[in-house]
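Heads up: the structure comes next, in structure tokens.
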There are 2 protein chains.
Amino acid sequence: MTHTYRYPRPALAVDCVVFGLDEEDLKVLLIRRGVEPFAGRWALPGGFVRLDETLDEAARRELREEAGIEKVYLEQLYTFGAVERDPRERVVSVTYYALVKLSEHAVRAATDAREAAWFAIDDLPRLAFDHEAIVDKAIARLRGKVRYAPIGFELLPKKFTLTQLQRVYEKVLGHELDKRNFRKKVVATGLLIELDEVEQDVAHRAARLYTFDEKAYRKLEKEGFLFEI
Amino acid sequence: MTHTYRYPRPALAVDCVVFGLDEEDLKVLLIRRGVEPFAGRWALPGGFVRLDETLDEAARRELREEAGIEKVYLEQLYTFGAVERDPRERVVSVTYYALVKLSEHAVRAATDAREAAWFAIDDLPRLAFDHEAIVDKAIARLRGKVRYAPIGFELLPKKFTLTQLQRVYEKVLGHELDKRNFRKKVVATGLLIELDEVEQDVAHRAARLYTFDEKAYRKLEKEGFLFEI
DNA sequence: AAGGTTCGTGTACATCCTACACGTACACGA
DNA sequence: TCGTGTACGTGTAGGATGTACACGAACCTT
């Protein structure tokens, strides 16, 4: 193998902002660092990129290794390259954000001894490195994207009620939405399939369950159609 | 300096998609490669990231060195990390897109012996590496962004007519716009300053000149307001 | 059986988007 | 100087879309 250049090169890492939604809040998964620098501080799950894996693969591997998370919605966010962002040496980080269904992934977050926990996005601890800037960027991207792409579904279980879906949008956007108008818009997208089931074990009238219509979505996507919520 | 890890690491490059607009078309700046691999093929301007510069700085440096371009609108696009994208060795590329005022930057594009030229975006030659995918992504981003951010101005000289501005949008979006509706929307943004000048040396009634109101833009930006065109 | 909780639904008004045509200004050439 | 060519600059009407807003029905619990 010939080398393209022989100058020293930055280390290359991936870091992931993993969003999840529980009953109360939109949350981010953090891992407590065991080693210096920033030992004891909370940080984003992430690690170095290997030569034989793509960036996406590296991100998924780290999610698996550090948080036991698989098969999530994952999208590249931004690449952070400030010279001094890691005090040890030059490290450039390609960042991703992921959306997970907390209901299905349970709370299983600490895999290999490391401590992991979910934090509400407006109650985050101090983070290691420049990870606060990364989280900020991820939230901004999520807020922007949720309005024209159907990513709200990624935070919910397969079957969900319209009220649950509305909660997702309210939590992500940070403000309340009108129930009737929300329903009108969301069914108008044609991306929902109405099921013949209702939610179970609730102490009131049960709501109808819906599911996301992936086929319809792929069709819309191909045709380049957009929708807004 | 302690090393964070001692595994082999990918080389890290930046590549730039530089957009310019002339009388006819939206164009991209390409550079003809002199060396293998892909010797003779056209490619995006770019190069390797140094340890003492940020990614943005690396991109600007390459634009200066390879194309003589300075002070342009520059924004990070995406990071490409397929394992085999460079046949020599693993190279990850952080890509940027830039908007330049062709009218002001003249045609000065070849600085250091290398051959450089502008190509209309729907008449591109075959490109080296995965640069076609990069250009595609840049065009998609530009099309999306132009609708809610005032980047059309970056492709025009300081003083421009509304017809020129409309041309920009038409070229970028790829379809024609209604003259009256376009003007209504664009003046409604409050981002234009009407000058007491008209264009010169035209063989017909001269159009009024406008300029971009950066102050108004910064204010809008702070308040988080959006606008659409 | 009564009470508590969430479900599910429609309309009226304001706003925004779209489609569309013609008289005017100016330069140029005959 | 007069005619011609070209791009400039302007308004309105109709349709579509977004917003604000309240209440009876269903179902579970006690």
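The values are calculated or read from the model by the stated rules, or taken from the named source; none is laboratory data. Just so it is clear, the structure is predicted and the values come from calculations on it, not from any experiment. Cβ sites come from the backbone with ideal geometry, for glycine too, and all protein chains shown count toward neighbours. Areas reflect the complete protein model, heavy atoms only, side chains present, ligands, DNA and RNA absent. Shrake-Rupley method; radii C 1.70, N 1.55, O 1.52, S 1.80 Å.
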Label-point separation (nm) for B:Leu173 and A:Val35, each offset 7 Å from Cα along Cα-to-Cβ?
5.3
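If you take every DSSP beta bridge whose two residues both sit in chain A, what share of them, in percent to the nearest 5, is antiparallel? Could the numbers behind the result be given before it?
On the way: 26 of 37 bridges.
For chain A, the DSSP antiparallel bridge percentage is about 70.
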Between A:Ala203 and B:Glu194, the two model label points (7 Å from Cα along the beta-carbon direction) sit apart by a distance in nm of 6.4
Between A:Glu24 and B:Thr163, the two model label points (7 Å from Cα along the beta-carbon direction) sit apart by a distance in nm of 6.3
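Give the A-B buried accessible area in Å², both sides summed, 1.4 Å probe, nearest 100.
What A and B bury together is about 3000 Å².
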Given that compact globular proteins tend to follow 2.2 N^0.38 Å, what is the ratio of the alpha-carbon Rg of segment A:54-154 to that value?
1.13
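Nearest 5 percent is fine: what portion of the DSSP beta bridges confined to segment A:19-130 is antiparallel?
Working: 17 of 20 bridges.
For segment A:19-130, the DSSP antiparallel bridge percentage is about 85.
Tell me, which longest segment in chain B has none of the trypsin sites (Lys or Arg not before Pro) that fall in DSSP loops with at most 10 further Cβ atoms within 10 Å? Numbers along the way, then the final one.
Working: sites that count: B:Arg6, B:Arg108, B:Arg126, B:Arg205.
The reported range is B:7-107.
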Residues of B:43-54, mean number of Cβ from any other protein chain within 10 Å of their own Cβ, rounded to a whole number?
3
Be a star and scan segment A:25-61 for residues whose amide nitrogen sits under 13 Å from the point 7 Å along the Cα-to-Cβ vector of A:Arg126.
A:38-42
Run through segment A:141-198 and list the GluC sites (Glu not before Pro) located in a DSSP loop whose Cβ has at most 15 other Cβ atoms within 10 Å.
A:Glu176
Which loop GluC sites (Glu not before Pro) in segment A:17-78, with loop taken from DSSP, have no more than 13 other Cβ atoms within 10 angstrom of their Cβ?
A:Glu23, A:Glu24, A:Glu70
Counting every Cα pair in the protein assembly as shown, what percent are over 37 Å apart?
36
Report in % the part of the accessible area of chain B that belongs to carbon and sulfur, leaving out ligands and nucleic acids; probe 1.4 Å.
49
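In square angstrom, what is the accessible area per residue of segment B:157-229 with a 1.4 angstrom probe?
Values: 5240 Å² over 73 residues.
I get 72 Å² per residue for this part.
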Kindly work out what percent of the DSSP beta bridges joining two residues of the protein assembly as shown are antiparallel, to the nearest 5.
70
Once every DSSP H run of n ≥ 4 in chain A is given -39500 (n - 2.57) and the sum is divided by its residues, what mean residue ellipticity at 222 nm do you get, rounded to the nearest 500 deg cm²/dmol?
-8000 deg cm²/dmol
Distribution output for chain A: share of Cα-Cα pairs per 5 Å bin in percent, first bin at 0, values 1, 6, 13, 17, 18, 14, 11, 9, 6, 3, 1, 1, 0, 0
Quick check on my link table: of B:Lys179/B:Lys222; A:Lys145/A:Lys222; B:Lys71/B:Lys158; A:Lys27/A:Lys145; A:Lys101/B:Lys137; B:Lys158/B:Lys222, which ones sit more than 20 Å apart, alpha carbon to alpha carbon?
B:Lys179/B:Lys222; A:Lys101/B:Lys137; B:Lys158/B:Lys222
Student exercise, the protein assembly as shown dipole from Lys, Arg, Asp, Glu Cβ charges, in Debye to nearest 20
420
What residue among A:Gln200, B:Gly40, A:Val14 has its Cα farthest toward the positive end of the dipole of the protein assembly as shown, where the charges are +1 on Lys, Arg and -1 on Asp, Glu, each on the Cβ?
A:Gln200
Taking the C-alpha atoms of segment A:32-109, how large are the radius of gyration and the largest Cα-Cα span, Dmax, in Å?
13.5, 39
Which percent of Cα pairs goes in each bin when the distances of segment B:139-206 are cut into 10 angstrom slices starting at zero?
17, 53, 25, 4
Compactness ratio of segment B:111-229: Cα Rg over 2.2 N^0.38 Å, N = residue count?
1.26
With a 10 Å cut-off between alpha carbons and a GNM built on chain B, which of B:Ala58, B:Ala116, B:Ala39 moves the most?
B:Ala39
Probe 1.4 Å, protein heavy atoms only - accessible area per residue of segment B:11-145 in square angstrom:
42
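Could you sort A:Ser93, B:Ser103 by their accessible area in this structure, using a 1.4 Å probe and putting the largest first? Don't skip to the answer; put the middle values down first.
On the way: A:Ser93 0, B:Ser103 75 Å².
Listed by decreasing accessible area, they come as B:Ser103, A:Ser93.
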Using a Gaussian network for chain B with springs between C-alpha atoms less than 10 Å apart, which of these wobbles most: B:Ile134, B:Ile193, B:Ile31?
B:Ile193
